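Presented below is the structure to which this report refers.
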């Protein structure tokens, strides 16, 4: 029971991290990334390839384009970097060349293409079977002990705090403000001197790296990674985290992650009646209904985007004078 | 502003050499399919002057505004911001050189507060990177602190002081216009292009915006005012450029242009 709670907590933390990455892209920057799960897939495969090594491949009778056995945490770091690089490559094409309302379709198609590509050629990433026997990281002396899951939860918990700090710093800074501005009106932001493409690209790369981190931890945790772990339907659950919790609200994502994992685990314990797939089917139907209800009745989620605090405001309030008004704006041109 | 007669030969003889006005539009043309929206338009806007651009719907005023500000690309002709040719630059690069604009339709950032709208328009854009957000917090907070003071001063002057924490989307149409102008001023421009800033405003707000524009001109801004309201343009402008069917049909002092037969035919006869 303790182990099950630890696993559920781990999943909540991972959905929080993934939800924040998606929230920066979708809630703050306004990029509808229906291919988000692709980057999680990249993270999982990268960890598998850099962990198994040739011995691991042989032991599991698996095929891969290459594999080396590197110690933790090198594979997860590589996963984050690869996720970011891949997001940069995709972002350069999609964010620059495709209209915003069509980006969602292009990204969805891209994730489907990747899924079919991986599945079609077993020599690349072991096809639809995927990888098994991914060795779990040794954290201190806790590997395979009774407390191992809780140690993992602790480590991922610290990682979650770090990601929260990064996302919060980003969203509450001039960077986050610029992202929200171009989300509201791209033409206006351009007219104020913002290169909206690079702004969006930065958010896209951060989200891609975050998703890869989640995928990598999932691969470590599950010890297996296959196309079924990153089907396009999984993107839907990350969107559910954001839509239910509150688009653009970091705290809302925490609640959204709890709701999604609660829903998934609730149906996992449902007794098999008729088909063994009944629980999964009902879970998907129920999740879909929840999303539709929220979008129709509470589109801003349980915790709508809050009024952002201007950080320096308190300091500015305490310092009298120093303002020059229009006069200072006049001809004091400061081209960058 | 230099008249078109004076402008043509000078630019012809010094092609490629930087002109001296704050904004120079030189034989700019743009066609959409077979429709020549802007056809060889030339004029200049000097620092500390306000040029009114008038014309009926479809005259090419907003297209010209797009060509100047970068949302559209010229088929031919040149646009100069002081001594920098800008017609090949993207919108954001033109803005960074000192060209600010307001839009025909309200373009405030609706889900940002009024104060945030102004800060987005400021030089804080140099700090708008993920890296600086995380590593250079003290640096951008110090800069932000100074800019908040300036933004508040501007809001006071535009009678928006009590609205700084309101979402811009919650303001009235007139107040949104003022936020747009104040936001543009936060970018420290040399040239401000105003695309129908009086559209949809009450007479009181028109009067208020008019006062602000007069002040901006007196402070040395070069202003290009694209406006349907001929009375406002006439009262404010040092010179007026009248366009019809993509061409300049009259240019000069207010009385001169409004007394022109072709302009009379459009605005008086209907």
Open item on the list: Among the numbered criteria (1) without any contact (Cβ under 8 Å) to a residue 40 or more places away in the chain; (2) more than 7 Å from chain A (Cβ to nearest Cβ); (3) surrounded by 22 or more Cβ atoms within 10 Å (Cβ to Cβ), which one does residue B:172 miss?
Closed with: (3)
- [ ] Tell me, please, whether a residue that is surrounded by 16 or more Cβ atoms within 10 Å (Cβ to Cβ), touching a residue at least 24 places away in the same chain (Cβ under 8 Å) and farther than 18 Å from residue A:123 by Cβ can be found in the stretch A:61-70.
- [x] no
- [ ] Could you please let me know if residue B:42 is surrounded by fewer than 22 Cβ atoms within 10 Å (Cβ to Cβ), more than 8 Å from chain A (Cβ to nearest Cβ) and modelled with pLDDT of 90 or more?
- [x] yes
- [ ] Determine whether residue A:127 is buried (at least 16 other Cβ atoms within 10 Å of the Cβ), touching a helix residue (DSSP H, G or I) at 6+ places or on another chain (Cβ under 9 Å) and not in a helix (DSSP H, G or I).
- [x] yes
Open item on the list: Please count how many residues of the stretch B:115-161 are more than 7 Å from chain A (Cβ to nearest Cβ), in contact (Cβ under 8 Å) with a residue 40 or more places away in the chain and part of a helix (DSSP H, G or I).
Closed with: 3
TODO: Go through the stretch B:79-114 and give me each residue that's more than 18 Å from the chain's Cα centre (by Cα), facing chain A (nearest Cβ under 7 Å) and not in a loop (DSSP other than H, G, I, E, B).
DONE: B:113
Open item on the list: Consider the stretch B:67-78. How many of its residues are more than 10 Å from every other protein chain (Cβ to nearest Cβ) and either closer than 25 Å to residue B:198 by Cα or surrounded by fewer than 19 Cβ atoms within 10 Å (Cβ to Cβ) (or both)?
Closed with: 7
TODO: Quickly run through the stretch A:152-173 and pick out the residues that are at the interface with chain B (Cβ under 10 Å from one of its Cβ atoms) and farther than 17 Å from residue A:305 by Cα.
DONE: A:165, A:166
Task: Residue list for the stretch A:254-311, restricted to those being modelled with pLDDT under 80, crowded, with 16+ Cβ neighbours inside 10 Å and in a helix (DSSP H, G or I) - done: A:279
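Okay, residues lined up against (1) buried (at least 18 other Cβ atoms within 10 Å of the Cβ); (2) modelled with pLDDT of 95 or more:
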| site | (1), (2) |
| --- | --- |
| B:59 | yes, no |
| B:80 | yes, yes |
| B:106 | yes, no |
| B:115 | yes, yes |
| B:125 | yes, no |
| B:131 | no, no |
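The values are calculated or read from the model by the stated rules, or taken from the named source; none is laboratory data. Nothing here was measured: the structure is a model prediction, and the numbers come from that model. Cβ: placed from backbone, ideal geometry, glycine included. Neighbour counts: every protein chain shown.
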